[in-house]
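I have placed the structure first, in the form of structure tokens, so that the comments after it can refer back to it.
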There are 2 protein chains.
Amino acid sequence: MDPKNNLKRLISQMDDSYDGALITPGSNLYYLTGLNPKNVLERLFSVIVYPDKKPVLIIPKLYEDYIEQSSIDFENIYVWGDDQDPYKYLEKALKDLKGCNKNLLIEDSMSADVLMKIKDLLGKYSWSSLNSETSRFRKIKSKEEVRHMKKAAEIADHTFEALLEEQLIGKTEIELASHIDLLLKEFGASDTSFETMVASGPNSANPHHFPSKRRLKEKDIVIFDYGAKYKGYCSDISRTVAIKKAPEGSKKVYDIVKSALSKSKEIVKAGIEARHIDKQARDVIVDEGFGENFKHRVGHGIGLDAHEEPYLTGENREKIKKGMTFTIEPGIYLKGRYGIRIEDDIYTMEKEGKSLTKSDREFICL
Amino acid sequence: MDPKNNLKRLISQMDDSYDGALITPGSNLYYLTGLNPKNVLERLFSVIVYPDKKPVLIIPKLYEDYIEQSSIDFENIYVWGDDQDPYKYLEKALKDLKGCNKNLLIEDSMSADVLMKIKDLLGKYSWSSLNSETSRFRKIKSKEEVRHMKKAAEIADHTFEALLEEQLIGKTEIELASHIDLLLKEFGASDTSFETMVASGPNSANPHHFPSKRRLKEKDIVIFDYGAKYKGYCSDISRTVAIKKAPEGSKKVYDIVKSALSKSKEIVKAGIEARHIDKQARDVIVDEGFGENFKHRVGHGIGLDAHEEPYLTGENREKIKKGMTFTIEPGIYLKGRYGIRIEDDIYTMEKEGKSLTKSDREFICL
């Protein structure tokens, strides 16, 4: 990843329609400047990008050391201490906006709190989504980016293999989630991509379950859903296993989900519409009578963010392009009984989709 | 915590100056409705509050089960699937705003992304910070709230005691952070309050270090900074220990920090200005010649959020009131060598401040 080049690209797009960009911490800041501060919370940390001059950095004194993460040549760096008002620096920086188009790019994940504080300073400007501009090029991954994502996927795969070697029965979901997080880091992840999910027994029927104190026991279905971050890039994998014995009927349900996954993977190639990938998986599940039990879209883009464009919903007519990366993760959820989901990360090539995650997709009974 | 009552209180404040409130997930949503969905990310989950009628809930189908968390009587509940546009429901809900004052309360942690999507729908309204209204009463904790916070602090204390029993030498910061998270949950935390920090050796000199693969070794100073969530309420504790032998001079630095903590605690009572608590700690450290090494404010409010009002900076003239809860956490950071921080959670009573966290504050050499 080359922040200098990414920033240059944004600026060249900006020149025509935008007077500047206002960025706070998140994947865009990392992509455009290399700065990747964590948990900044209420302290203002911001970069202001201009189409016609070098950017300005406003950074809390507590995070001063982060400056060296960036290769960007800043016009000004304002370091502010806890006893200072950072918004006076922001006001200063905003005064230098070009002001021809009256249009400003705003970081999508910025908190409303910041926007409300500076709304009056931005009075004459209309706001546009920074993501809508950066995602145009962020969606198409470079070879280097795909290498990082492949590595993030490998870390997730190794973690699953290691997990299969362990004694799972009797452990709580919380213990296993914590163990997965440790394994991910041992195998080289800088962090997890999102909060690790371990959903056992009836909990697996909730697609958004959070690890509980429930202990794994015989005849449980267990969904593991987790991901690694590697050099900023995410993986996201789900695998479903049975403990000792598979509950009645679960093998059949598993095979339907597996078939939905492989059928939708088969049609991936440059030029296909996102919605068709969703439909391909959904048709398999609907045909088997489980349509109502597949409660979510089939997948989402993945890269610097665990969830990003393109979203693979039944409505999205966007054409998938070479270099795009996304998850495919069909699932069937039977309330009160169990749920099954299998998820891979896919990289789009000219004529096919390639799985970055490669862990065993057979129904494993541990 | 009684969401119905909290909502009633907001509405009674709203009637005079606001036409409604737009809330997304976070501590305000929990406080006002009991709804506490986690990691909703890009899916719109929102409650619209009116001064003159029952609120409306917009909820993704995937999170439908959360509805039962709330005791609030909603006028309408719109459940939307991944193939639907939730903003058409929001538009509908916004049309019912009172529209007399042209002033709307907006959840401070809402992402700019949502605000930009609905900016045109809100055209005629000016926005105000929801926090600035809710924090007026959220800042003053009820007896029940303090009970929860006391329990959250106890969990943090038990975790520290358990940690002291362990073999720390040779373990990585990541392993220890993961172990602390597990202990917190074993002792009854529903979650951690924030990302657990373990900073060893020279890493402890960085007040915002993130756990690394560095292994603890003899003569390390180690800062542990972590917190428990209990029934939504947070604790936040820091303790600093030495491994086997204390580095030269560290005992003296420790005692300065400890004295700064106890001296600033001593002056806490109803009516004191926030800045005076900061100054009291800072004076001790400045007098000993370490003023430059105490890089942050002395503390922050704590409650449903790990960081909330009142902030204890050198500039904040706000008067501390009975029932307010905040951290006091002076620190000295010696770059390249080590850092020391000791942090307690304080509850303000009429004539004194009471520590909710009670773990040993002596300099422990393990």
key: Residue tally, condition within 26 Å of residue B:291 (Cβ to Cβ), in contact with an Asp or Glu (Cβ under 8 Å, 6 or more places away or on another chain) and touching a residue at least 12 places away in the same chain (Cβ under 8 Å), over segment A:75-104   = 1
Any hit, segment B:230-239, residues being within 18 Å of residue B:166 (Cβ to Cβ), out of contact with any Phe, Trp or Tyr (no Cβ under 9 Å at 6 or more places or on another chain) and open to solvent by less than 30 Å² (accessible area, probe 1.4 Å) = no
request  = Report, by residue number, each residue of segment A:164-176 that is crowded, with 19+ Cβ neighbours inside 10 Å, assigned to a helix (DSSP H, G or I) and either more than 10 Å from chain B (Cβ to nearest Cβ) or touching a residue at least 40 places away in the same chain (Cβ under 8 Å) (or both).
outcome  = A:173, A:176
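For segment B:47-57, state whether one or more residues are within 14 Å of chain A (Cβ to nearest Cβ), open to solvent by 60 Å² or more (accessible area, probe 1.4 Å) and assigned to a loop (DSSP other than H, G, I, E, B).
Initially, segment B:47-57 is screened for residues within 14 Å of chain A (Cβ to nearest Cβ), giving none.
No, the conditions are met nowhere in segment B:47-57.
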task = Only residues that are in contact with a His (Cβ under 8 Å, 6 or more places away or on another chain) and surrounded by 22 or more Cβ atoms within 10 Å (Cβ to Cβ): list them for segment B:311-328, please.
result = B:312, B:326, B:327
request  = Give the number of residues within segment A:207-228 that are open to solvent by 50 Å² or more (accessible area, probe 1.4 Å) and within 12 Å of chain B (Cβ to nearest Cβ).
outcome  = 1
query = So is residue A:193 closer than 22 Å to residue A:358 by Cα, small (Gly, Ala, Ser) and within 14 Å of chain B (Cβ to nearest Cβ) or not?
reply = yes
key: Filtered residues of segment B:72-93 (kept if modelled with pLDDT under 95 and in contact with a Gly (Cβ under 8 Å, 6 or more places away or on another chain))   = B:82, B:83
ask   = Using beta carbons and a limit of 9 Å, which pairs, at least six apart or on different chains, have the first residue in segment B:122-144 and within 12 Å of residue B:22 (Cα to Cα) and the second one open to solvent by less than 50 Å² (accessible area, probe 1.4 Å) and of a type in the set (Val, Ile, Thr)?
value = B:122/B:106; B:127/B:106; B:128/B:106; B:129/B:106; B:130/B:23; B:130/B:106
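Based on this model, can you work out whether residue B:8 counts as without any contact (Cβ under 8 Å) to a residue 12 or more places away in the chain and in a helix (DSSP H, G or I)? Full working, then the answer.
Numbers: without any contact (Cβ under 8 Å) to a residue 12 or more places away in the chain: yes; in a helix (DSSP H, G or I): yes.
In short, yes.
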task = Give segment B:11-29 a look and list any residue that's of a type outside the set (A, V, I, L, M), in a helix (DSSP H, G or I) and crowded, with 20+ Cβ neighbours inside 10 Å, or say none.
result = B:27, B:28
query = Would you pick out the residues in segment B:277-306 that are free of Cβ contacts under 8 Å to residues at least 24 places away in the same chain and surrounded by 18 or more Cβ atoms within 10 Å (Cβ to Cβ)?
reply = B:280, B:297
query = So is residue B:315 of a type outside the set (Ser, Thr, Tyr) and within 12 Å of another protein chain (Cβ to nearest Cβ) or not?
reply = yes
request  = Among what's in segment B:197-206 and is under 19 Å from residue B:236 (Cβ atoms) and within 11 Å of chain A (Cβ to nearest Cβ), pick the residue that is modelled with the highest pLDDT.
outcome  = B:197
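Listed here are the residues, each with its yes/no results for (1) closer than 30 Å to residue A:300 by Cβ; (2) charged (D, E, K, R); (3) not assigned by TED's automatic domain parsing to the domain that holds residue B:39.
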| residue | (1), (2), (3) |
| --- | --- |
| B:72 | no, no, no |
| B:75 | no, yes, no |
| B:83 | yes, yes, no |
| B:91 | yes, yes, no |
| B:99 | no, no, no |
| B:103 | no, no, no |
| B:108 | yes, yes, no |
| B:123 | no, no, no |
| B:133 | no, yes, no |
query = Say we look at segment B:79-135 and pick out the residues that are among the β-branched types (Val, Ile, Thr) and either within 9 Å of another protein chain (Cβ to nearest Cβ) or under 30 Å from residue B:308 (Cα atoms) (or both); which of these is most open to solvent (accessible area, probe 1.4 Å)?
reply = B:114
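Which of the strands (runs of 3 or more DSSP E) contained wholly in segment B:179-271 include at least 1 residues that are of a type in the set (Gly, Ala, Ser) and in contact (Cβ under 8 Å) with a residue 24 or more places away in the chain?
Numbers: elements: B:197-200, B:221-226, B:228-230, B:237-242.
Answer list for segment B:179-271: B:197-200, B:228-230, B:237-242.
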query = Is there a residue being more than 11 Å from every other protein chain (Cβ to nearest Cβ) and within 21 Å of residue A:311 (Cα to Cα) anywhere in segment B:62-72?
reply = no
task = For residue A:339, state whether it is assigned by TED's automatic domain parsing to the domain that holds residue A:199, closer than 17 Å to residue A:136 by Cα and either in contact (Cβ under 8 Å) with a residue 12 or more places away in the chain or open to solvent by 60 Å² or more (accessible area, probe 1.4 Å) (or both).
result = no
task = For residue B:250, state whether it is over 23 Å from the mean Cα position of the chain (by Cα) and more than 14 Å from every other protein chain (Cβ to nearest Cβ).
result = yes
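The values are calculated or read from the model by the stated rules, or taken from the named source; none is laboratory data. This one's a predicted model, so the numbers in the text were calculated from it and none came from an experiment. No Cβ is skipped: glycine too gets one built from the backbone with ideal geometry, and neighbour counts run over all protein chains shown. All accessible areas refer to the heavy atoms of the entire protein, side chains included, with ligands and DNA or RNA removed. Shrake-Rupley method; radii C 1.70, N 1.55, O 1.52, S 1.80 Å.
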